[in-house]
Amino acid sequence: MKSWPEVYIPSIDSRYIFPELSLQNTASQSIQVLPRKKMYRMYVCGITPYDSTHLGHAATYLSFDLINRYLRATGSKVLYVQNITDIDDPLLERASRDGIDWEELAYSQIDLFRSDMSTLHVIPPENYIGAVEAIPLVTKKIEQLKEAGAIYGVDKDLYFRVHSDPDFGTRSHLSNEESLKIFAERGGDPERLGKENPLDSLVWLAQRPNEPGWPSIHGLGRPGWHIECCAIALNYLLPEQDSDFLIDIQGGGSDLIFPHHEMSAAQARVSTGRRFAEFYVHTGMIGLDGQKMSKSLGNLVFVSSLVRSGVNPMVIRCALMMGDYTTDRLWNEELLLTAQTFLDSLTVQLSHNQCAQTSVLIQEIIQALSNNLDTKKVFALLADWISESSKGAEGGNPGELARTLDALLGIAI
Ligand code: ZN
């Protein structure tokens with residue numbers, strides 16, 4: 001699948017010191033330092049293309065973009081892979097509800113997503129892989145799981161025995177009761193007759209009437225969602241043979257912690273005998289005017305609608321970075337106005353020849369980002385700098401600050 005265009009990243013002067021990046025790790029339930037490496041392997045779960053790109057999506061991909069930008073600025077390479085679930089129940093349900101062809105819906109939404117990511121200055125993944133194009137990888141992965149004794153059939157569908165992974169549950173930390181409840185809410189089928197364990201997850205769905213199916217050694221059908229990500233990540237992130245973990249970062253919204261990330265990690269563990277990700281990083285949900293933003297409430301705010309109505313994409317970027325990425329946040333008109341005012345003032349001060357000192361500020365920005373992407377602190381530091389500059393303080397280098405903000409925060413002015 002074609003990714004979106006590359007984003008220009010200015011370089012940052014080598015006199016600045018980049019501390020190791022620490023991130024909130026869902027698996028360890030703590031903020032942990034990501035060990036310094038020459039290359040990082042990061043997998044971030046992509047969208048199912050039927051309601052792209054709402055602000056919840058944007059907030060997630062912006063957060064991982066900050067991680068990507070920070071790690072690259074330290075001189076490391078980041079191998080970044082993202083999937084797109086271009087066949088799944090929710091996509092078929094939406095296409096059927098709207099009376100349109102599912103492929104047409106998927107293609108149009110994928111195009112929109114790419115253009116939104118480009119507009120928001122998000123660095124594209126090296127590999128952007130669709131579920132359909134990954135079917136050969138998925139069937140191979142199912143074969144490996146079968147050899148490990150972790151697969152059984154219910155009718156013509158195939159299921160993964162979750163407890164074949166001795167670590168099952170260690171990434172999401174839920175009780176069995178909570179797991180069952182969330183599994184049912186998020187596309188799982190705990191009640192299905194014939195399953196050995198209610199939490200066992202579907203890896204291959206045999207073709208249903210009036211639904212698409214693809215030929216495979218497992219019969220005509222389509223992949224389950226969790227195995228899709230497991231197969232894509234392990235194929236395209238080229239895990240090292242001798243490292244403790246197959247990849248460095250598995251990322252996504254907090255609604256993917258369970259079952260999605262737990263299941264993918266379990267399938268990776270059982271099929272390779274090795275642990276999947278060292279870090280599981282999750283972003284908070286975005287709510288609107290005090291309510292959760294969700295499909296069912298019909299209150300999604302889309303990046304493309306905001307941009308069409310005249311909002312500068314960099315304002316959206318600033319607004320989403322003004323809060324803590326790990327916590328649930330609210331979107332409202334006031335936040336948008338605050339971000340607009342902030343960006344206007346920043347632009348004015350960066351356009352002057354003289355401004356308040358910038359060297360210490362840049363080092364402090366780097367320090368704040370290294371501390372679990374403390375963008376709240378970054379915006380507070382910038383607000384102080386804007387205030388001092390507007391009072392006539394001198395001694396700074398506005399060009400260098402502008403390049404740093406572009407490189408690390410993706411704010412291109
Ligand atoms: Zn995924």
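Given springs between every Cα pair under 10 Å in a Gaussian network model of the chain, which of Arg269, Arg114, Arg208 has the largest fluctuation?
Maximum among the listed residues: Arg208.
Between Asn397 and residues 5 or more places away or on another chain, which pairs have amide H atoms under 5 Å apart, with H built 1.01 Å from N, and which residues are they?
Thr358, Ser359
Under unit Cβ charges (Lys, Arg +1; Asp, Glu -1), what dipole magnitude, rounded to 20 debye, does the range 29-287 have relative to its Cα centre?
Rounded to the nearest 20 debye, it is 900 debye.
Using a basic spin-label model with each label point 7 Å from the Cα along Cα→Cβ, how many nm lie between Glu240 and Lys38?
Here the modelled spin labels are 0.9 nm apart.
Compute the semi-axes of the equivalent ellipsoid of the range 216-267, taking the square root of 5 times each eigenvalue of the Cα gyration tensor, and list them largest first in whole Å.
Details: eigenvalues 90, 58, 14 Å².
Result for the range 216-267: semi-axes of 21, 17, 8 Å.
Pick from Thr375, Thr358, Thr341 the residue whose mean-square fluctuation is largest in a GNM of the chain, springs joining Cα atoms under 10 Å.
Greatest mean-square fluctuation among the candidates belongs to Thr341.
By the scheme Lys and Arg +1, Asp and Glu -1, what is the net charge of all other residues having a beta-carbon under 15 Å from that of Gln267? Intermediate results must be reported in sequence, preceding the final value.
Numbers: positive: Lys140, Lys141, Lys146, Arg161, Arg171, Arg269, Arg274, Arg275; negative: Glu143, Glu147, Asp165, Asp167, Asp200, Glu228, Glu262.
Taking every Cβ under 15 Å from that of Gln267, the sum is +1.
Please list the radius of gyration and Dmax for the range 29-287, considering alpha-carbon atoms only, with Å as the unit.
17.7, 53
Please compute the length gained on full extension between Ser14 and Asp328, using 0.36 nm multiplied by the number of residues separating them and subtracting their Cα-Cα distance.
Additional length available on full extension: 109.5 nm.
Plugging the Kirkwood radius over Cα pairs into Stokes-Einstein for the range 3-66, at a temperature of 25 °C and a viscosity of 0.890 mPa s, what D comes out in µm²/s? Numbers along the way, then the final one.
Numbers: Rh = 15.1 Å.
The Stokes-Einstein estimate is 162 µm²/s.
Give the value in nm², to one decimal: projected area of the alpha carbon convex hull of the range 174-307, averaged over all directions.
Numbers: hull surface 47.7 nm².
For the range 174-307, the mean projected area of the Cα convex hull comes to 11.9 nm².
Contact order normalised by length for the range 1-102, with contacts defined as Cα pairs under 8 Å and 6 or more residues apart; what percent is it?
Relative contact order comes out at 29 percent.
Around His163, what is the net charge, scoring Lys/Arg as +1 and Asp/Glu as -1 over all other residues with Cβ under 11 Å from its Cβ?
-3
Output the pairs from Lys2/Lys295; Lys140/Lys181; Lys140/Lys195 with a Cα-Cα distance over 25 Å in this structure; if there are none, say none.
Pairs exceeding 25 Å: Lys2/Lys295; Lys140/Lys181.
What net charge do the residues around Ser52 carry, taking every other residue with its C-beta under 11 Å from that of Ser52, with Lys and Arg at +1 and Asp and Glu at -1?
Here the count lands on -2.
Gain in length, His352 to Gln207, computed as 0.36 nm per residue apart minus the alpha-carbon separation, to one decimal in nm? Intermediate results must be reported in sequence, preceding the final value.
On the way: separation 145, 0.36 × 145 = 52.20 nm, distance 6.32 nm.
Difference between extended and current length: 45.9 nm.
Express the relative contact order of the chain as a whole percentage, based on alpha carbon pairs under 8 Å and six or more residues apart in sequence.
21 percent
If the label point is 7 Å along Cα→Cβ of Glu178, which residues in the range 267-299 have backbone nitrogen under 20 Å from it?
Output list for this probe position: 279-286.
No value in this document is a laboratory result; all are computed from the given coordinates. Remember, it's a predicted structure, so these values are computed and weren't measured experimentally. Virtual Cβ from ideal backbone geometry, glycine too; neighbours counted across all protein chains shown.
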